[in-house]
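Presented below is the structure to which this report refers.
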Amino acid sequence: MKQAKALDEAWDTGGHFERLLFFARSLHNPDWFRQSVEYEVKAGILRIYQGQTIPVPLQSEDYARAVLSMARVADLDKALMDRMARQELISGRQDHPLIMVLLDQDALDRPTGGARVMKAQLQRLLELRERPSVSIRVIARSAGWHFGLNGPFQIMSLERKDVAYVGAFSGGRLAQDASEVREMAVDFELIGAKASSEGESRTLIKQLMEDF
C-alpha cells in the first residue's frame with residue numbers, strides 16, 4: 001500500500017495505483033483457500049481471530065458437522081472428512097504449531113447444532129487450552145467494539161515469511177504482501193488488548209458451558 005501511494009504521488013495519478021491495489025486484493029482467487037491450508041500445515045505459529053464460529057483447528061466433529069450442514073455443502077460427509085483431516089494435520093499431531101486464538105464471545109454462546117453439541121464443543125476448548133502450545137482468549141461482549149469486527153483472519157508464521165488468510169462468507173483471500181501481513185499482525189495485537197486473560201477466558205467458557 002505504501003509503495004502504491006508513493007507511485008501515485010511521484011506520478012501525480014490521483015490515486016490510480018492505490019485503486020488498482022485495492023481491486024487486486026478484493027478479487028477472489030479460488031486457489032487461495034487450498035494454498036492457505038498448505039501453509040497451515042507448515043506453519044510454526046498460527047494466530048487466529050474468529051468472531052462468529054469456532055476455528056477449524058479447535059472444532060469438535062459434531063460442531064463441524066453442524067456448521068457444514070448450515071453452509072449447505074454439496075457432500076456433507078466428504079466435507080466433514082476433509083475438515084477433520086485438515087484439523088488432524090494442524091492440531092492433531094504431537095509437533096503441532098503454537099496456536100494462539102482470539103475468540104469473540106458470540107462464537108461461544110451462539111447455539112450451533114443444539115445445546116449438547118455446544119456444551120461438548122466448549123468442553124473441547126477447555127481441554128485444548130490445557131496444552132502448553134494452545135492459547136485461547138475470549139473477547140467478552142462487554143469489551144465493546146474492536147478491530148476484529150471487520151472480519152475473521154489468521155496469520156501463519158512460516159520459516160521465512162508470514163502469510164495471512166482473510167475469511168469471507170463467499171470465499172476468503174490469501175494475503176502474502178509483507179506490509180499487509182504486518183498490518184494484520186498489529187490488528188491481532190490490538191484485538192488481543194481487548195481480550196480477557198487466559199484464566200478469565202477459562203472461567204467465561206465454563207460459565208457458558210453450564211448455561212447450555
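Each value in this text was obtained by applying a stated rule to the coordinates, not by laboratory testing. Bear in mind the structure is a predicted one, so any value in this text is a computation, not a measurement. Backbone-built Cβ (ideal geometry, glycine too); neighbour counts: all protein chains shown.
Observations on the model:
- Using a cutoff of 8 angstrom between alpha carbon atoms and counting only pairs six or more residues apart, the relative contact order for the stretch 98-212 works out to 33 percent.
- Global geometry of the stretch 109-212, whether rounded, prolate or oblate, following the gyration tensor of its Cα atoms and the 1.5 cut on a/c: prolate
- Temperature 37 °C, viscosity 0.692 mPa s: under these conditions the Stokes-Einstein estimate for the stretch 161-212, based on its Kirkwood radius over C-alpha pairs, is 243 µm² per second.
- Loop trypsin sites (Lys or Arg not before Pro), the stretch 25-126 (other Cβ atoms within 10 Å of the site Cβ: 14 or fewer; DSSP): R72, R93
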